[in-house]
Each structure stands twice: as structure tokens, then as C-alpha cells.
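Let me begin by presenting the structure, written as C-alpha cells, before commenting on it.
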Amino acid sequence: MTDHQPTLEVNGRSYRWPRQPLVVVCIDGSEPGYVEEAIAAGKAPFFERILAEGTNRLADCVVPSFTNPNNISIVTGVAPDTHGIAANFFYDRDADEDVMTNTPKFLWVDTIFKAFFDAGAKVAIVTAKDKLTSMLGHGLDFSSGRTLAFSSEKSDQTTLAKNGIDRADLFVGRPVPEVYSADLSEFIFAAGVKIMQRDRPDVMYLSTTDYIQHKHAPGSPVANDFYGMMDGYLAQLDGMGCLIALTADHGMNAKHTDSGEPDVIYLQDILDGWSMGSQARVVLTITDPYVVHHGALGSFCTVYLSPDDDGDALADSLAAKIRGLDGVLAVYSRSEACAKFELPEDRMGDLIVVSEKHKVLGSKAESHDLSGLTEPLRSHGGVTEQRVPLILNKPTPELTEDRRLRNFDIFDVALNYAQ
């Protein structure tokens, strides 16, 4: 295959055929510091070695710094204005309904996986939460014997026809983990090792959950243990001759007061207090089926304005008032935000609001269930969670130091630069 098809063109980018099995890992919520602190605690000898001998860079994730737009950017190699997934959630004006962006019908382009699969590669995809499975596996033929895609969450429900494997939980030899647990992520690494031993896929993608990062800061004992767990499985994959490339979908920051309470701007309550309730609707684009650990509180939201009003004048006046709120970092018009952050205009609100580093945005206080916040809130979504690691177990000497890297450059860096 390598002799006949040394490179593939995918969404306007070229990728060399992997010379060894490629394992790309998206460590959900992994801000810079987690790996380094685990190394300092003596928990991560594999990470310590590859930071010294391989590639250790920082990259920018997509804003909004949420899971869906960033995972899809990583696996397509392009920004949301090209692939179509701008958030975890958006309001569909035409249908007048709130929509989760967790099905392939919202994708505008094919994934890197499909391109390699169509060219004859073996592909394996394991995610923690099931919300990503269908999009990541879109276009793959699971009857081929060359691909599989499943989640830890639904590993006991997999079938050969839909996932390329029957009862993945039995294959991995671990029980189905709780959704809100570190075990949900450990399952994917255990699965990755088993799959690599059995199938030796050309391309493997492992995507974790940020349950730990939402609750535990870099250097905390729980976080160090989590990265130590990861270190052990990655060392096994490294020992099998894999090229390992790691990045994150977003970072994470503390979003609470000194007393430990979430530091929230309840924007819909404020708009209602300004008598704007019938004219302005706040949509929290962090929302997905898994909000227990963050209460649907993030640092990026959109505001949809009534189409019956003078749109431009209303948007300008409301933006000016929101900018005056304590804790608001920036307010953009739809066109400004989409140009700045490379987002599709037809899936964003009229205004985009970004909060400061340690603040989050909510809708109405009564709409948020915060009972699951057993630790002081840590969350993401804004520009202050944009910096993420980009780490390889191989050096990349031809990758220039001055190049701005994005997390969705990870396949490019791994396939075109690693030595």
C-alpha cells in the first residue's frame, strides 16, 4: 500500500501513509501542566521520556473550546467553518428547536479515518462517551473486517454490523464503567492495547472524557494518578512500535469563588431583568447529554435575537450592555465571531459572549442543576482554555519552532513530520 499510495489528500491537506501504527489520543480537558505535574510526582516515566526525546509543543484548540467541535476538527484536519460542527449544541431557527450536534447529518466533510479506510487501511476508534461514536465512525464499512468504532459507555451494546465488534466489553475484559468516572477513560486505553495486540490497525484514535479534569487541578493526587494510569497504557503501545501523538480538545480552568461556589454570570436572568426576555434567548453551547460534572456552565455562549426586531440596532445596543458586565471578556456579533474563530455562521447566534478566565456563563439560575458539583467548579469554553499540549513519542526536527500549531494539526505533525 505504501508504495502505491504514499500520500492521501483529505479536506485540502496531504497526509503520508503511516510507516508504523499511528495512535492519536485526544485527552479531554488536558490543559498544560497535567503531564508535567504527574512527571514531577514520579507517576509518569513514559511521559518523562517522550517529553525529553520526542516532541513537546503547545497548540491552540478551536473556540468554543468544547468537545464536539474540537474532536471533529482533530479528525477532519480543518476548522468548524469547513466541517460544520460549531458547538456541542445549537438552536435551529428554521426548526425552532434545540439541537445536539452529535450525529453525522451535521458533518459537511469526511474524516481522515474514512480517507485512510477507503485507501485500504485498518482503522480503530474508541471513545469514552457515546456522543462522538457515530460522527467519528461516519462512512466506515464495519462489515469489512478492517475497522471498528465504539464507546466505553456503550461497550456492552456493540455489534459487528454497527461497530465492527460484538460485545466490546467482553473483548476488553472489563465491565462497562460508570459514565462519571475515571474508569470510562481507562477503558479506552485498555481497549486500545487489546486492539493493537490483535489487529495492529494502521490508524487508531482514542478520545477520553474530562471527568477528572473538571474536578481536579494539575498536580492534585487524583490527577497525577489519572495521568499515571494513562502513562502505563501508552508505554505498552510504545513498546508495540506505535507512533503516539497526543493533544487535547480544550484546556480547563478554575471557575469558582474563594469560597468554592461557581462564579457564574446568569445571563438570561440579566436579560430578563433588562426586559429583554422576549427579544433575546441565551443558548449555552457547552450543553450535551453529560452535564453533571459542569452543570452546563462554560465560558462561551450565544444569544439569539428576535427576528421581528431591528436586528443590527438591537444587537449593537445589547452587545454594549453585556460588555459592561463584570466578568465578561468579549462580546462579538455573529459575523465577527465566525471570522475570528472560523465558525459556520448558520449555526451560531446573533451575539457571541465569552467570559473571563475564572468566570462561567449560565442562562437562568433555576435552570442549572449544580448538585453534581462535588468539587469547586472547573470548566472551559472560552479563549482562556485554548492552549493545549501537542506531544509525540518521536522527534519532529523539521517542524519549525515559529509555526502556530492547532490541535487539529496533530495528524499532519504525526504523519508528515515525525522521524
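The fewest-to-most ranking of R334, R174 by surrounding Cβ atoms within 10 Å reads R174, R334.
Taking the Cα centre of the chain as reference, the dipole from Cβ charges on Lys and Arg (+1) and Asp and Glu (-1) amounts to some 1320 debye. The alpha-carbon atoms of segment 15-95, seen along their principal axes, cover 54, 33, 17 angstrom, with the largest extent given first.
When only Cα pairs under 8 Å and 6 or more residues apart are kept, what is the percent relative contact order across the chain? 27 percent. Note on the chain: GNM, Cα springs under 10 Å; of E401, E356, E53, the largest mean-square fluctuation is that of E401. You can think of it this way: the chain between M240 and K194 has 15.4 nm of extra reach, that is 0.36 nm per residue less the Cα-Cα gap. Couplings 3J(HN,Hα) for segment 116-130, derived from phi with the Karplus relation 6.51 cos²θ - 1.76 cosθ + 1.60 (θ = phi - 60°), are 5, 4, 4, 8, x, 7, 8, 10, 9, 10, 10, 10, 6, 9, 6 Hz, where x marks Gly and Pro. Ordering of 16-28, 77-89 by packing is 77-89, 16-28, highest average first (other Cβ atoms within 10 Å, averaged per residue). Consider a paramagnetic label point 7 Å from the Cα of R19 along Cα→Cβ; state which residues of segment 389-416 have an amide N under 15 Å from it. Within reach of a label on R19, which here means backbone N under 15 Å from a point 7 Å along Cα→Cβ, segment 389-416 contributes 393-399, 413-416. Distance from the Cα centroid of segment 225-287 to that of segment 137-210 is 24 Å (rounded to whole angstrom). Taking 32 Å as the cut-off for C-alpha to C-alpha distance, list the pairs among K131/K255; K122/K255; K114/K357; K131/K321; K114/K394; K43/K364 that go past it. The pairs that break the limit, which is 32 Å between Cα atoms, are K122/K255; K114/K357; K131/K321; K43/K364. Taking the Kirkwood radius as Rh and the Cα radius of gyration as Rg, the chain has a ratio of Rg/Rh equal to 0.97.
Dividing the convex hull volume of the alpha carbon atoms of segment 264-378 by its residue count gives 110 Å³ per residue.
In this simple spin-label approximation, L58 and L170 carry label points 7 Å from Cα along the Cα→Cβ vector, and these lie 4.8 nm apart.
Each label was represented as a point 7 Å from its Cα along the Cα-to-Cβ direction; for A339 and E178 these points are 4.9 nm apart.
Values in this text are rule-based calculations from the coordinates and carry no lab data. Computed from a predicted structure; not experimentally measured. Methodologically, a virtual Cβ is constructed for each residue, glycine included, from the backbone with ideal geometry; neighbour enumeration extends over all protein chains shown.
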